[in-house]
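Chemist: Below is a structure I'd like to ask you about.
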Amino acid sequence: MLATPVDLDQLTGVWQIDPAHSEVGFCVRHLMTRLRGAFTRFSGTITVGDDPPQSSVRAEIDTASVDTRNSLRDKHLRATHFLDSDNHPTACFTSARIRTKDGRYLVEGALAIRGQVRRVTLDLFLLGVDTDVSGRTRAGFRAYTRIRRSEFGVTGHAPVAGRRALIGDTVMLELEIQAVKDH
């Protein structure tokens, strides 16, 4: 789904994710509310072919850069029972297939967290293409997927009364990506 009209020829090429203008965020249930966080260090390349199936995405996230606006919680999330950042400093996504469905892009690929690789599908929306003040071509993308953290070995939790979990197993990954086209 396009937020603004785009000539698809504008997209063809290699794009570098601009971390200063992008966000890799997550949302997970914490008791009865949702807790949001983000990763502050990440990189990636988007290669757009003439046809979506010819395109690819590769991204890396520094797991130690987790930021939930609470330093004690962030330290806890970097620890062994959650992200285990000392032993698994990088989470990676590599696309395997890109297709269109109902006006949106579906990016299927392998997500690796803590050495566990699982297939995920990102719902991807192209927000537009424009030129910045420096004359560089930029594209905006929004993508979402849900994962179960337990499938990646992220099992840390503290049970509370009534057999409820303090932290939910389902995690929503939310990406706001601005990429700069290589020339």
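The values are calculated or read from the model by the stated rules, or taken from the named source; none is laboratory data. Worth saying up front: this structure is predicted, and the values here are computed from it rather than measured. Quick reminder, even Gly has a Cβ in these numbers, built from the backbone with ideal geometry, and neighbours come from all protein chains shown.
Chemist: Taking the stated definitions as given, is Leu31 in contact with a helix residue (DSSP H, G or I) (Cβ under 9 Å, 6 or more places away or on another chain) and farther than 18 Å from Glu176 by Cβ? Walk me through how you get there before you give the answer.
Modeler: Values: in contact with a helix residue (DSSP H, G or I) (Cβ under 9 Å, 6 or more places away or on another chain): no; farther than 18 Å from Glu176 by Cβ: yes.
No; evaluated as a whole, the condition is false for this residue.
Chemist: Sort out which residues of segment 63-73 are in contact (Cβ under 8 Å) with a residue 12 or more places away in the chain, outside any loop (DSSP other than H, G, I, E, B) and not aliphatic (A, V, I, L, M), and write them in order of number.
Modeler: Selection gives Thr63, Ser65, Asp67.
Chemist: Among the residues of segment 98-129 satisfying the criterion of being at pLDDT below 95 and of a type in the set (D, E, K, R), which is farthest from Gln16 (Cα to Cα)?
Modeler: Result: Asp102.
Chemist: Filter segment 29-47 down to residues that are of a type in the set (A, V, I, L, M, F, W, C) and modelled with pLDDT of 95 or more and give me whichever is nearest to Ala96 (Cα to Cα). Spell out the reasoning first.
Modeler: Narrowing segment 29-47 to residues of a type in the set (A, V, I, L, M, F, W, C): 31-32, 35, 38-39, 42, 46.
So of that shortlist, the ones also modelled with pLDDT of 95 or more come out as 38-39, 42, 46.
On the way: Ala38: 25, Phe39: 23, Phe42: 20, Ile46: 13 Å.
So, considering only residues that are of a type in the set (A, V, I, L, M, F, W, C) and modelled with pLDDT of 95 or more, the one nearest to Ala96 (Cα to Cα) is Ile46.
Chemist: Right, here's the next one. Residue by residue through segment 47-62, note down the ones that are crowded, with 17+ Cβ neighbours inside 10 Å and outside any strand (DSSP E or B).
Modeler: The answer is Pro52, Ser55.
Chemist: Let me ask you something else. From the list Thr94, Thr137, Thr170, which residue is within 17 Å of the chain's Cα centre (by Cα) and modelled with pLDDT of 95 or more? Outline the logic, then answer.
Modeler: Details: Thr137 fails: within 17 Å of the chain's Cα centre (by Cα); Thr170 fails: modelled with pLDDT of 95 or more.
On inspection, the qualifying residue turns out to be Thr94.
Chemist: What pairs come up if the first residue lies in segment 79-93 and is within 16 Å of Thr40 (Cα to Cα), the second is of a type in the set (D, E, K, R) and surrounded by 15 or more Cβ atoms within 10 Å (Cβ to Cβ), and their beta carbons are under 6 Å apart, counting only those six or more places apart or on different chains?
Modeler: Ser85/Arg78; Thr90/Glu60; Cys92/Glu60
Chemist: Taking segment 98-131, which residues are in contact (Cβ under 8 Å) with a residue 40 or more places away in the chain and in a loop (DSSP other than H, G, I, E, B)?
Modeler: Gly103, Arg114
Chemist: Here's a follow-up. Sort out which residues of segment 95-139 are small (Gly, Ala, Ser), over 20 Å from Asp50 (Cα atoms) and surrounded by fewer than 15 Cβ atoms within 10 Å (Cβ to Cβ), and write them in order of number.
Modeler: At the first step, the residues of segment 95-139 found to be small (Gly, Ala, Ser) are 95-96, 103, 109-110, 112, 115, 128, 134-135, 139.
Right, trim to over 20 Å from Asp50 (Cα atoms) and you get 110, 112, 115, 134-135.
Once the filter is applied, which keeps residues that are small (Gly, Ala, Ser), over 20 Å from Asp50 (Cα atoms) and surrounded by fewer than 15 Cβ atoms within 10 Å (Cβ to Cβ), segment 95-139 yields Ala110, Gly115, Ser134, Gly135.
Chemist: Let me ask something additional. Looking only at segment 132-153, count every residue that is in a strand (DSSP E or B) and among the charged types (D, E, K, R) and tell me the total. Please lay out each step first, then the result.
Modeler: Taking segment 132-153 first, the residues in a strand (DSSP E or B) are 137-148.
Remaining after also requiring among the charged types (D, E, K, R): 138, 142, 146, 148.
Qualifying residue count, segment 132-153: 4.
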